[in-house]
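Please treat every number below as a calculation from the coordinates, not as lab data. Quick caveat, the model's predicted, so the values are computed rather than measured. Cβ: placed from backbone, ideal geometry, glycine included. Neighbour counts: every protein chain shown.
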């Protein structure tokens, strides 16, 4: 589990069919073999560590759902896993991306940036106005989206822009997207139309209605 607050930028020094070698001297002292590391928003496991690099294995499933096989990808956002007692300044990010998006527009507004993205429908369903979204592992807030969520915008402060790979994106660049985890559970409960009564597991399930959601603060 991660927070979406990037700790440093790493450099992909080598990529094979089944592994990445990432240069990150600022972070390796905080990583042990077997630790989870968010690499551009994707949860990977450190399998080897040197003084300046760590190695992460990547499965065909991971390569098929990410842009790690793109030789143009050089810089990646890195974050170590959340520890019990750590501050949660972003939002809960699992590191299991929902799909890809691409940068469609960039505008400098005052001293901040507004970045617009296109999302595939599998991700767009979890994108809502003022909701949380992880873009290449960065926790951001949706400042605008169309009804379907396939087009959305985020506002990025100078600190985030300069200390992540957002500044390196070109128009049309692909990005990893992960929707808010809470939205996925709400979607499942609504799809099933039932919710267990936790006060009595032997009692019949209660149907989820609009009134039920309003009553419980949704």
*At q = 0.15, 0.25 Å⁻¹, what base-10 log of I(q)/I(0) does the Debye formula yield for segment 8-80 when every alpha carbon is treated as an equal point scatterer in vacuo?*
-0.40, -1.21
*What is the list of residues in segment 92-110 whose amide nitrogen lies under 12 Å from a point 7 angstrom out from the Cα of residue 143, following Cα to Cβ?*
106-110
*segment 99-176: relative contact order in percent, alpha carbon pairs under 8 Å with at least 6 residues between*: 37
_Simple label model, 7 Å out from Cα along Cβ direction - residue 88 to residue 157, nm_ = 2.0
*Treat the count of other C-beta atoms within 10 Å as a stand-in for reagent exposure and order 12, 138 from fewest to most.*
12, 138
*In which sequence would 59, 116 go, from the one with the fewest C-beta neighbours within 10 Å to the one with the most?*
59, 116
*If you average 1/r over all unlike Cα pairs in segment 7-159 and invert the result, what Kirkwood radius do you get in angstrom?*
16.5
_Zero-based 5 Å bins, Cα pair distances in segment 99-176, whole percents_ = 3, 17, 31, 29, 14, 5, 1
*asked:* How large is the direction-averaged shadow of the alpha-carbon convex hull of segment 43-97, in nm²?
replied: 5.2
*Want the number for residue 96 to residue 81: 0.36 nm per residue separation, take away the alpha-carbon distance, what's left?*
4.1 nm
_With a cut-off of 8 Å between alpha carbons and a minimum separation of six or more residues, what is the relative contact order of the chain in percent?_
21
*Using a simple spin-label model with points 7 Å from Cα along the Cα→Cβ vector, what separation in nm is obtained for residue 109 and residue 122?*
3.1
